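Colleague: Handing you a structure now.
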Amino acid sequence: SMVRVLATRKGLPITLSHVVVAVGERLEVPFVGVPTPGRYIVKYDGRRAPKGFPRDDIFLNPFDEGKVLSRDDREQLFPGLDPDDFPEPMTKRSVLIRMLNNLESHLFNRGEIDRGYQAVEFRLLLTRFAAVEAVP
């Protein structure tokens with residue numbers, strides 16, 4: 001959970017990124033998660049910035065102590081992506097599904113089979129309901 005991540009200062013990269021997004025929501029600072037290949041980073045979304053706040057996008061890697069990612073950093077970290085045209089933020093449901101995917105892998109790799117299958121069940125439920133909601 002996010003409380004555990006804050007208390008232990010440890011967690012999966014996507015969980016740490018989500019902590020930043022959640023705190024941003026509370027403070028009305030427009031942070032969004034960015035689903036990049038192999039990792040999940042955070043962007044300060046300048047398009048949604050309140051009056052008086054910077055309008056430029058700022059990319060952060062919460063898993064690397066909140067390092068601000070320059071254009072060159074983004075180009076180096078994500079060689080197939082245009083560093084000026086990153087994927088759009090995900091829906092909250094999509095974020096949860098991706099978090100559960102990561103958690104499944106982590107739990108199965110640690111041999112926590114029962115907990116891994118719980119994560120699979122939750123992910124399948126979210127995926128199933130997402131498909132039902134998408135039907136007109």
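Colleague: Given that just one value was derived from the coordinates, which of [x] 16.2; [y] 15.1; [z] 17.7 is Kirkwood radius over Cα pairs in Å?
Modeller: From the options [x] 16.2; [y] 15.1; [z] 17.7, the structure gives [x].
Colleague: With contacts defined as alpha carbon pairs under 8 Å and 6 or more residues apart, what's the relative contact order of the chain in percent? Don't skip to the answer; put the middle values down first.
Modeller: Working: 155 pairs, mean separation 21.6, N = 136.
That works out to 16 percent.
Colleague: Who wins for biggest fluctuation among Val95, Val68, Val42 in a Gaussian network model of the chain, springs between alpha carbons below 10 Å?
Modeller: Most flexible of the set in this elastic network: Val68.
Colleague: Measure nothing but the geometry: give the 0 to 90° angle between the long axis through the Cα atoms of 92-109 and the longest principal axis through the Cα atoms of the chain, rounded to 10°.
Modeller: Approximately 60 degrees, to the nearest 10.
Colleague: Okay, moving on. Between the helical axis of 13-27 and the dominant principal axis of the chain, each derived from Cα atoms, what acute angle in degrees is found, rounded to the nearest 10?
Modeller: Relative to the chain, helix 13-27 is tipped by roughly 60 degrees.
Colleague: Return one whole number: the accessible area per residue of region 10-136 in Å², for a 1.4 Å probe.
Modeller: Ligands and nucleic acids excluded, the result is 65 Å² per residue.
Colleague: Which order, highest average first, do 115-124, 99-108 follow once you tally other Cβ atoms within 10 Å for each residue and take the mean per peptide? Before the final figure, lay out the partial values.
Modeller: Values: 115-124: 15.4, 99-108: 17.3.
In descending order of packing, they fall as 99-108, 115-124.
Colleague: State the percentage of accessible surface on region 1-129 attributable to carbon and sulfur atoms; use a 1.4 Å probe and exclude ligands, DNA and RNA.
Modeller: Carbon and sulfur atoms account for 54 percent of the accessible area of region 1-129.
Colleague: Between Phe108 and Arg128, how many nm apart are label points set 7 Å from Cα along the C-beta direction?
Modeller: About 1.9 nm, to one decimal.
Colleague: Which order do Ser70, Ser17 take when ranked by solvent-accessible area (1.4 Å probe, heavy atoms of all protein chains), largest first? Each step should come with its number before you reach the end.
Modeller: Details: Ser70 50, Ser17 0 Å².
Output order, biggest surface exposure first: Ser70, Ser17.
Colleague: With springs only between Cα atoms under 10 Å, which of Gly33, Gly24, Gly80 fluctuates most in a Gaussian network model of the chain?
Modeller: So, out of Gly33, Gly24, Gly80, the one fluctuating most is Gly80.
Colleague: Could you work out how far apart the two model spin labels at Ala7 and Val120 are, taking each label as a point 7 Å from the Cα in the direction of the beta carbon, and quote it in nm?
Modeller: 2.9
Colleague: Among Asp85, Asp45, Asp57, whose mean-square fluctuation peaks in a Gaussian network model of the chain (Cα, cutoff 10 Å)?
Modeller: The residue with the greatest mean-square fluctuation here is Asp85.
Colleague: Also, quick follow-up: Kindly express, to the nearest 10 degrees and within the range 0 to 90, the angle between helix 113-134's C-alpha long axis and the longest C-alpha principal axis of the chain.
Modeller: 60
The values are calculated or read from the model by the stated rules, or taken from the named source; none is laboratory data. Since the model is a prediction, treat every value here as computed from it, not as a measurement. Counting neighbours? That spans all protein chains shown, and the Cβs are built from the backbone with ideal geometry, glycine included. Surface areas here come from the heavy atoms of the whole protein model, side chains and all, with no ligands, DNA or RNA. Shrake-Rupley method; radii C 1.70, N 1.55, O 1.52, S 1.80 Å.
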